[in-house]
Every structure is written in C-alpha cells, then in structure tokens.
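Reading through the structure tokens given below for one structure.
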Amino acid sequence: MLPPQRQFKAIVRVLDGSGAAHSARLLLDNGSTANIVTQSLCGKLGLSRRDAYSMVTDCLILPDITKCLPSSFIDLESIPIPKGIQLADPTFNIPSVIDILVGAEVFWSVLGNNHIDLGKDQPKLYETKLGWLVSGRVARLKHSSPSPVCNFLNEQTNPDLTRFWELDTVAAKHSLSPEERACEKSFLLNTKRKDDGRFVVTMPLKEDPSVLGDSFQQAKCRFLSLERRFSRDPVFKGMYLDFMLEYERLNHMTENREPSASCLQQSQQYFLPHHGVLREASTTTKLRTVFDASAATTSGLSLNSILMVGPTVQEDLFSILIRFRQHKYVVTGDIEKMYRAIELDPSQRPLQQIIFRTDVKEPLKTYTLNTVSFGTACAPYLATKCLVSLASSAQDEDVKQAIKRDFYVDDYLGGSSSIEDTVRDFKLLRDKAARDLQCTTSSAELPRD
C-alpha cells in the first residue's frame, strides 16, 4: 500500500507538432489536482507517450515547476536494484530539471500492483506503465543540499511582505450594522421560554404590517396552480399531503375556524404562497414545503420586505470544517425540524397564513403557521440565535463550546481525540437539544472501531 502522498520521476517520450520524439523528465504527484508543463517544453508538445501507454491531458503552463530533483546527487551503488528492472528514470539519482508534472488524475492510472521492498533504510520500487519508480529514503553524497525553495514567487516577483501580514489579519468579530443591532435587541427583549424550554420568538420588523396590501388572491392563484401539478403527479401530491398533514398533526399549523381569516383586518394578515422542494439525497424528509414570504402584495411590498434579516451568529463554515478535520474521531448530525421547534409569538401569527386543502372537492381552507417558517427572511437568524443561546445554560463545557462553535445552521460537525469522549459529547448535546429545543438530532454518524 502506498503512503498517502508520493512524488515519482520518470523519463517519457513526447511528440512535437511534426511527430518528432523528445525526451522529457516527468514528475508524478498524487497530491496535485493540476497537470503542469514548462514553457520551454510547451511549444514542442502534442501527446505524452511512453511505449504502448499514451494519454491526452490538459496542462497549466508555468515558467518552472520545481527546482532540480533530487536536490543532491544520490549514491547509486548503495541501492541494491535487482537486475532486469527497467527504471522509469534510469538517471533518477542525478539532479535534473522537471519538464512535466502530472497529478492524481494521471497518477493512479499509471500505477501498477507490484512493488519491491529493497530492505531497511532503502527505498522501494513501484511498478508502473512507465517503468519502475524509485521512492523512499536514500543515501546522498556528502555535500550541502540546496536551500528549500518557495515556488509561489518567481524571479520576476518583488514581494511586498505587507500584503502577507494583511492577509493574515482578520477582524476578531464582525461589526454589526444598525439594523443588525436592532435585530439583536429585538431578540433580547421579545424572546420568551415556555415551561418546557421551548423558545417563543418575535419576527423583527422594519416597518408596521399596515404597509402590506392584499395577499390573499395571489396565494389563492398559486395554490390552484399547485393543485394542477397534483393532478399531473400523484407521487408528488402524496408526499406534499404527507408533509402538510404532519405539519398540522404536530400543531405547527392550525386551521382558521373562529374568527374567519376573512374577518381579520387586511393590515393584520399576510398569506404565504407555498410550493414543494424535493431533496432526493435527504435521509429524513424527501419533500419540504417552502413558504414564499417574498411574494409581493398589492402595495408592492412583501412580508420579507418589512423583516430584518439579522446578523450571522454562528462561526463560518470554513473554520468549522478546519476544526472538524483536526479530530481523530468525528461525528455528524443535524437537528430535525429545528425551525419548527421554535414557536412564533401569537400576536404575529396572522402574518403567516396559508391556503390549503387535501381534496379539490373541499372548499379552500386557511391555516395559520405557528412556528418559525422556512422562507421568511429572519428565519435563519431566529433559529440559529435560539440554538446559540442554549450555550449559556449548558453545564458541560465541551457541550457549551460545541453549541457555539460546531454548528452550521442545524448541522453538527464535531469530534474528539477518543471514541469514548466523542460518543459522550454527542449524547450530551443530543439530550440538550431534545430538552431545550423539544426536537431530535437525526442523521447521526457515530464513529466505529
């Protein structure tokens, strides 16, 4: 078995535009995602070829690929290479210029199945379609080796080191805009916790809902269009009805009975058109209903137009992934129905109404959505802010840090240095989500021995 990353050299024959053959030194690098050729060789090359093996590949063109390899002469007499072995680079021990570099795209296609271990403190030989490659620790002649070289800069570059310091300087914390500060203040003043720990939030408004016009007619037209799709696609209809009936069964929406929605003042209500989004890769819900809070009313404004979006309160995905890769053992999961685990204050629920029925023979019905709805501008902020808020009440320090640093929206990416700690931390985190958010963590992948 090969180590995770290797670099090998080989001599190959390449043909120029007229068909004449030239020798070139090639570097095989399974850690590279690009293929590279030097400018000096570029004008002569057409196809790369070695005996019966040939291939076509795209290459980047650079003035230099690397300095001479190896970095110093190698004592060839000290390496017991078996007789009859055809080396891919017979002069591998002599420092030489690299003309071509091919990456993982080519590396694994030329690699064979056989290798020869030449013994302790000796390199290994690997069979390829280019011949046998030499890799590993070897004895070098006793003279100084060239200094390490950074190939990011070439001879024509005059580096401005201040740019490096600027790139390495990152603001400790995002500076909030006035609207984002207002959104944070609204959350602090208006968010409540029920006896069972469930959050009750208020949508942060930029303007009074009285600026909204009529939204019922557009929502009605959109729903009738959705029903026409139901008639063409019974499978889609079945998944959609299952989703909505579960929505109602879990009390995430309730039918409007008394008083009727039509009796409410226009300024107090907003009807959300809705449609289904299929997610074939999902392990839990294949179809999700999305509510369109960006649908304009007759005044030209929508619900999203008068909502504050809110700041980002979780760490960026890049930082989370870098930290995730540092763990020896990892675990992933997501909080099931996280948005719907958070209730909306009853005073604002008329702004989240929909039109729905299960059968075209029934009259159109109106429903009120009782929880944070996917599709409203403030939903991501409200949901993630509630989750991050749980960190302050966590008794275990590892759980507290996991809530603050290892979630991207509702997806958890964590781990530890041992299986026991990884499982323990995940279970503690899962229990807190179940207790304080009244929801479960699904799609969990626990480490295996």
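Looking at the stretch 45-61, can you tell me whether even one residue there is modelled with pLDDT under 80, open to solvent by less than 30 Å² (accessible area, probe 1.4 Å) and under 17 Å from Ala10 (Cα atoms)? No: the stretch 45-61 contains no residue that is modelled with pLDDT under 80, open to solvent by less than 30 Å² (accessible area, probe 1.4 Å) and under 17 Å from Ala10 (Cα atoms). Touching a helix residue (DSSP H, G or I) at 6+ places or on another chain (Cβ under 9 Å) and at pLDDT below 85, is that true of Val388? Answer is no for this residue. Annotation: Glu207 fulfils all but one of (1) closer than 15 Å to Tyr270 by Cα; (2) outside any helix (DSSP H, G or I); (3) open to solvent by less than 50 Å² (accessible area, probe 1.4 Å); the unmet one is (3). Restricting attention to the stretch 376-415, report how many residues are open to solvent by 20 Å² or more (accessible area, probe 1.4 Å) and in a helix (DSSP H, G or I). Qualifying residue count for the region: 12.
What are the residues in the stretch 189-204 that are farther than 16 Å from Ser302 by Cα and either in a loop (DSSP other than H, G, I, E, B) or of a type in the set (Asp, Glu) (or both), if any? Spell out how you get there, then give the answer.
Within the stretch 189-204, the first condition is being farther than 16 Å from Ser302 by Cα, and the residues that meet it are 189-202.
Matches in the stretch 189-204: Thr191, Lys194, Asp195, Asp196, Gly197, Arg198, Thr202.
Please go through the stretch 67-120 and pick out each residue that is open to solvent by 40 Å² or more (accessible area, probe 1.4 Å), of a type in the set (S, T, N, Q) and touching a residue at least 24 places away in the same chain (Cβ under 8 Å). Selection gives Ser71, Ser78, Gln86, Thr91, Ser109.
Across the stretch 219-240, the qualifying residues are those that are aliphatic (A, V, I, L, M) and under 31 Å from the mean Cα position of the chain (by Cα), and the one among them that is nearest to Leu272 (Cα to Cα) is Met239.
Going residue by residue through the stretch 314-333, is there one that turns out to be open to solvent by less than 20 Å² (accessible area, probe 1.4 Å), in contact (Cβ under 8 Å) with a residue 40 or more places away in the chain, in contact with a Pro (Cβ under 7 Å, 6 or more places away or on another chain) and not hydroxyl-bearing (Ser, Thr, Tyr)? Yes, that holds for at least one residue. Could you please find all residues in the stretch 96-127 being within 23 Å of Ser78 (Cα to Cα) and of a type in the set (Gly, Ala, Ser)? Across the stretch 96-127, the qualifying residues are Ser96, Gly119.
The values are calculated or read from the model by the stated rules, or taken from the named source; none is laboratory data. Note that the structure is a prediction, hence the values are computed from the model and not measured. No Cβ is skipped: glycine too gets one built from the backbone with ideal geometry, and neighbour counts run over all protein chains shown. What goes into the accessible areas is simple: the full protein's heavy atoms, side chains included, and nothing from ligands, DNA or RNA. Shrake-Rupley method; radii C 1.70, N 1.55, O 1.52, S 1.80 Å.
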